[in-house]
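The next block holds one structure in the form of structure tokens; read it before the comments.
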């Protein structure tokens, strides 16, 4: 089970070992609280607070690679990854939206905090159910949206 200590160790690993000299800073936060989007109590998620690449290493694809590692961590633990797009560090907000959308994040409409969410395993869970056709049982895949996506559309 993920917790803040594991995320802190993971950030340290990314910054000081795997991407040493590339990552200037990375911050992830483990949360289990309820927020404005009706997340269930005790529902675990990760907040991506910051990925900062050293200036000499920018525009070389490292941001995408490192974000991919963080997404894989969230997917492997079946938790949402939440971030708040910000111009705080001089980034163009439209460019940020496009970057994160390219990586599967969804912008939450009407959210003044510019919240974006990446749902585990590319926004869908693949389930199978059995269907009786004549004398044979066939397994059919059904794509079911994560419960959180359905809640946000209400």
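Ranked by the mean number of other Cβ atoms within 10 Å per residue, highest first, peptides 106-112, 59-65, 95-101 order as 95-101, 59-65, 106-112. Classify the stretch 4-122 as rounded, prolate or oblate, taking a ≥ b ≥ c as the square roots of the eigenvalues of its Cα gyration tensor: rounded when a/c is under 1.5, otherwise prolate if a/b is larger than b/c and oblate if not. Cα axes put the stretch 4-122 in the oblate bin.
Full extension of the chain between residue 1 and residue 99 yields a length gain of 32.4 nm, computed as 0.36 nm times the residue separation minus the alpha carbon distance. The residue 16 and residue 87 beta-carbon pair, evaluated with R₀ = 25 Å, returns a calculated FRET efficiency of approximately 0.30.
In terms of packing, defined here as the mean over residues of other Cβ atoms within 10 angstrom, the peptides 12-18, 114-120, 86-92 line up highest first as 114-120, 12-18, 86-92. As a calculated quantity, the FRET efficiency between residue 106 and residue 77 at R0 = 22 Å, using C-beta atoms, amounts to about 0.70. Label-to-label distance for residue 64 and residue 121 is 2.6 nm, based on points extended 7 Å past Cα in the beta-carbon direction.
No value in this document is a laboratory result; all are computed from the given coordinates. This is a predicted model, so every value here is computed, not measured. Glycine gets a Cβ as well: all are built from the backbone with ideal geometry, and neighbour counts include every protein chain shown.
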